[in-house]
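The values are calculated or read from the model by the stated rules, or taken from the named source; none is laboratory data. All values reported here derive from a predicted model rather than from experimental measurement. Please note: Cβ atoms are built from the backbone with ideal geometry, for glycine as well, and neighbour counts cover all protein chains shown. To get the accessible areas, we keep the full protein, side chains included, count just its heavy atoms, and leave off ligands, DNA and RNA. Shrake-Rupley method; radii C 1.70, N 1.55, O 1.52, S 1.80 Å.
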Amino acid sequence: MTLPSGIGNRLLAALPPADLDLLAPELEIVALDRDAVVSRAGDQTEHVLFPHSGAISVMIDMANGQTVASAAIGREGAVGTLSVLGPSPAAVTAIVRAAGTASRIPASRFHAAFNQSPAIRHAIQIHFKAMVIQFQVGGACNALHPVQARMARWLLHLRDRVDHDVLPLTQEALSQILGVRRTTVTLLMRNLRASGAIKSERRCEIEIDPSRLAAVACECRETMRSEVEEIFSRNVAPPRALVLPTQ
Ligand SMILES: [Zn+2]
């Protein structure tokens, strides 16, 4: 396939051309349709996805049917990368929250390139570090911070990935992400509208005021964002650089 000249995914963009060429013949551009389940807990991982745009939430499914989101993935990350540790069923479910596009590669082909290329392994290490930070901070946040602050955090996570103040979200989706009842989301939405942090809510779209919402969100959004940016700045050479990172 021909990769776009401006690769949207930051992990792919960080690869030297020779390493990207290991993946390119097997990469295909696919649409990320809103609400699509791109990975389901318990299923074998067939593909690794590198989003160029859009936003995906990583969901934990409890036995009683409850769900809660544990991480957000956009163009800075990938889905299905744990498959490089060996074939095993996916532990989590990944759902597209904001539509976009992604590059997709069969997991077996990605595994082969991963074994061949130190630069690809390095990119995946960066992704794993970023995900661990999300899981760690998110775990503390879910236990310690009020649901309104968590909801504001999540709206901003999605806004960071879609670069738009109108978010394609329903109250039902927020209820799944936050692990709370729909009626709780309705109440929180009313509070945030009254404060101006949410400007409007139509059937499937929520328009936010990012600066007002940031004042409501807990510290975790900024902690995650700054730590992930630091990982990228410390570990990623300028896009398309021909020099591998020094070991
Ligand atoms: Zn928090």
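In the set 213, 178, 188, which member is within 16 Å of the ligand (Cβ to nearest atom), modelled with pLDDT of 95 or more and under 19 Å from the mean Cα position of the chain (by Cα)?
178
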Can you name the residue in region 216-234 that is open to solvent by less than 30 Å² (accessible area, probe 1.4 Å) and assigned to a loop (DSSP other than H, G, I, E, B) and is also nearest to the ligand (Cβ to nearest atom) among such residues?
218
Among the residues of region 116-137, the number that are over 19 Å from the mean Cα position of the chain (by Cα) and either under 30 Å from residue 169 (Cβ atoms) or within 16 Å of the ligand (Cβ to nearest atom) (or both) is 0
Residue count for region 187-212, restricted to those that are outside any strand (DSSP E or B) and either touching a residue at least 24 places away in the same chain (Cβ under 8 Å) or open to solvent by less than 50 Å² (accessible area, probe 1.4 Å) (or both):
11
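Could you tell me which of the residues 140, 149, 113 is more than 16 Å from the ligand (Cβ to nearest atom) and either aliphatic (A, V, I, L, M) or open to solvent by less than 30 Å² (accessible area, probe 1.4 Å) (or both)? Talk me through it step by step, then tell me what you get.
Values: 140 fails: more than 16 Å from the ligand (Cβ to nearest atom); 149 fails: more than 16 Å from the ligand (Cβ to nearest atom).
Step by step, each of 140, 149, 113 is checked, and only 113 is more than 16 Å from the ligand (Cβ to nearest atom) and either aliphatic (A, V, I, L, M) or open to solvent by less than 30 Å² (accessible area, probe 1.4 Å) (or both).
Go through region 75-112 and give me each residue that's assigned to a helix (DSSP H, G or I) and touching a residue at least 12 places away in the same chain (Cβ under 8 Å).
If we filter region 75-112 for residues that are assigned to a helix (DSSP H, G or I), which is where we start, we get 81-85, 107-112.
Matches in region 75-112: 81, 82, 83, 84, 107, 109, 110, 111.
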Starting from region 221-247, take each residue that is charged (D, E, K, R) and list its partners that are exposed (fewer than 15 other Cβ atoms within 10 Å of the Cβ) and modelled with pLDDT of 60 or more, counting only C-beta distances under 9 angstrom and pairs at least six apart or across chains.
240/17
Residue that is within 23 Å of residue 122 (Cβ to Cβ) and modelled with pLDDT of 95 or more, where the choices are 30, 58
58
